[in-house]
Amino acid sequence: MRKVFHPVARAEDVPPGTGIPIKVGDDPNCALFRTSDGEFFASTSLCPHQNEALDQGRLEGCEVICRRHHLRFDLRTGDCTNAGGYWLRMMEVRRTGDHIEVGIWEYDDDPRSA
Ligand code: FES
């Protein structure tokens, strides 16, 4: 396996304190967040509680708050901070100039990557 970084957005596409829906590889259900401090995080976009779109959630510091039932997720870890048993799958983010890239593990022999 190897980690492959996919370009997902330009930095200017994500104003500080917001999130946007993104597609990473074949997965269309991902989200990119930019905190008010300018840090970028990427995760699955569907809330693990009842599938609300987390890119529509509210950011407070490094937490995204789901708009439906207000579960809070720490974007540094993916952990839910106000209920047990929920977490987000987080992905590595890197910035190359103005471009934001998200890394996911892919099989070397995946015929889709040929
Ligand atoms: S759907 Fe997100 S907290 Fe319920």
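Derived value for region 1-42: Kirkwood hydrodynamic radius 10.9 Å. Basis is the mean of 1/r over every pair of different alpha-carbon atoms.
Label positions at residue 26 and residue 76, each projected 7 Å from the Cα along the C-beta direction, are separated by 3.5 nm. Amide H contacts of residue 88: 79, 80, each under 5 Å away and 5 or more positions distant or on a separate chain (H built 1.01 Å from N in the peptide plane; Pro and chain starts excluded).
Near residue 95, once Lys and Arg are set to +1 and Asp and Glu to -1 for all other residues with Cβ below 15 Å from its Cβ, the sum equals -4. For the chain, what is Rg from Cα atoms divided by 2.2 N^0.38 Å, rounded to two decimals? With N residues counted in the chain, Rg over 2.2 N^0.38 Å equals 1.05. Under a 5 Å amide H cut-off, with hydrogens placed 1.01 Å from N, residue 52 pairs with 47 among residues at least 5 apart or on other chains.
Just so you know, all these numbers are worked out from the coordinates, no wet-lab data involved. Model, not experiment: these values are computed from the prediction. For neighbour counting, all protein chains shown are included, and Cβ atoms are generated from backbone atoms with ideal geometry for every residue, glycine included.
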